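No lab work stands behind these numbers, since they all come straight from the coordinates. Everything quoted here is computed from the prediction, not taken from an experiment. Note: ideal-geometry Cβ built from the backbone for every residue, glycine included; neighbour counts use all protein chains shown.
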Protein chains: 2
Amino acid sequence: MQSSPALPSAERLARQIAFIVEVDRLKDVFRQTVLTQTRRAENDAEHSWHLCLCALVLAEYANKPGLDILRVLKMAIIHDLVEIDAGDTFAYDATGMATQSERENRAADRIFGLLPPDQADEFRTLWNEFEARETPEAKFAAAIDRLQPVILNIHTQGHAWQKHGVTSDRVIARNQHIAQGSQTLWEYLSKSIEHAVQTGHLKK
Amino acid sequence: MQSSPALPSAERLARQIAFIVEVDRLKDVFRQTVLTQTRRAENDAEHSWHLCLCALVLAEYANKPGLDILRVLKMAIIHDLVEIDAGDTFAYDATGMATQSERENRAADRIFGLLPPDQADEFRTLWNEFEARETPEAKFAAAIDRLQPVILNIHTQGHAWQKHGVTSDRVIARNQHIAQGSQTLWEYLSKSIEHAVQTGHLKK
């Protein structure tokens, strides 16, 4: 990476540190998923870290061999930053989902815009790639982004599903795009979802 | 990555998922540092995510140009997993520091050992590299690991420093190895620490 010619070096570093301080707020954005031990709500920063770890451990199952895992990790690290302004939209909240894109685009402008221009561009491009879900890397990152909360739901007796009365057909409809990133992981999860129905942790 | 020949594929995936579920506990390991907004204690999962983000944003300041940023990120993602068993050792707790290494090595055996053998080896090697702080990547990852809590302390009026009566000479002694990873970032932080003394957020 090279310094932006537009900014003196002290200002460049000051903007980078200001961005790092601002994104501390991601730790205050809570999700519907709960943790396996304490059953408290998970926040977006923890979720993003867990995605990175899932991506490292499960990379071998990506449909495309030889995935650029660095780009997958970069997307995992920044994919939820927009929720600092836009909030978390629960996967099964149709009303929230309708306005999600507009709210998140505005948030991306402000938050990535805190960085020096070259890095703002780099992060915005990565976030757009993640959202568009067209490249193999974005498809795999998006697959992991859906897989991680399903695994937490399964290991908390379907906590978030039960709380919101979500049924198995909606879980399948919402998560089946996992197969675009990893056929193997979607097969594994389908069986786990079936099992959750059998054990009564997820309504049919 | 290739499948380990020693494990059938279903067992391999089962072990990987079991590891992913186990490390959810990192979200329950709390640190002395507090968040900028709510002033609640930060946990290790949030801290690890924040390190990844700092590494991405600040990579250009590494002493060594052309750093392998993927390896830096991998170290950031896994560096605190041992604290699931060993707990967080506060940087200024001399008694805890004395037994830290033994406790953490035992934890590494158990936690990385949950993975299939090839991945257990890979993660253990990465963790050893991080701990040894000899390669440019490990030096930079370790620099960021010290920088992030100092930044949070500075942006919470020295919260953890005040609580534990830490003085500026101890902060400097503990953090000066940041210069081994990034001279530029250590110069920046030294000035910030000096400023914290001037504003009364850190005792001389």
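Brief remarks on what is shown
- Cross-link pairs beyond the 26 Å C-alpha cut-off, checked among B:163/B:204; B:139/B:163; B:27/B:74: B:139/B:163
- Approximate spin-label separation residue A:194-residue B:94, in nm, with each point projected 7 Å along Cα-to-Cβ: 6.2 nm
- Taking the centroid of alpha carbons for each part, region A:1-70 and region A:130-175 are 18 Å apart.
- Under the span-like rule (Cα at least 18 Å along the axis, Kyte-Doolittle mean at least -1.0), DSSP H helices of chain A: A:9-22, A:44-58, A:94-112, A:136-154, A:183-198
- Inverse of mean 1/r across different Cα pairs in the protein assembly as shown, Kirkwood, Å: 22.0 Å
- Unit charges at the beta carbon, dipole of chain B: most positive-side option, B:183, B:135, B:119: B:183
- The per residue volume of the convex hull around the alpha-carbon atoms of region A:48-204 is 108 Å³.
- Per-pair calculated FRET efficiency, R0 = 41 Å: residue B:110 and residue B:157 via Cβ, rounded to 0.05: 0.60
- Charge dipole (the protein assembly as shown, unit charges on Cβ, about Cα centre) - positive-most of B:168, B:7, A:66: B:168
- Put a dot 7 Å past the Cα of residue A:203, heading toward its Cβ, do the same for residue A:64, and the two dots end up 3.9 nm apart.
- Residue A:172 paired with residue A:101, simple spin-label distance in nm, labels 7 Å along Cα-to-beta-carbon: 2.7 nm
- About its Cα centre, the protein assembly as shown has a charge dipole of approximately 740 debye under the convention of +1 per Lys or Arg Cβ and -1 per Asp or Glu Cβ, with nothing else charged.
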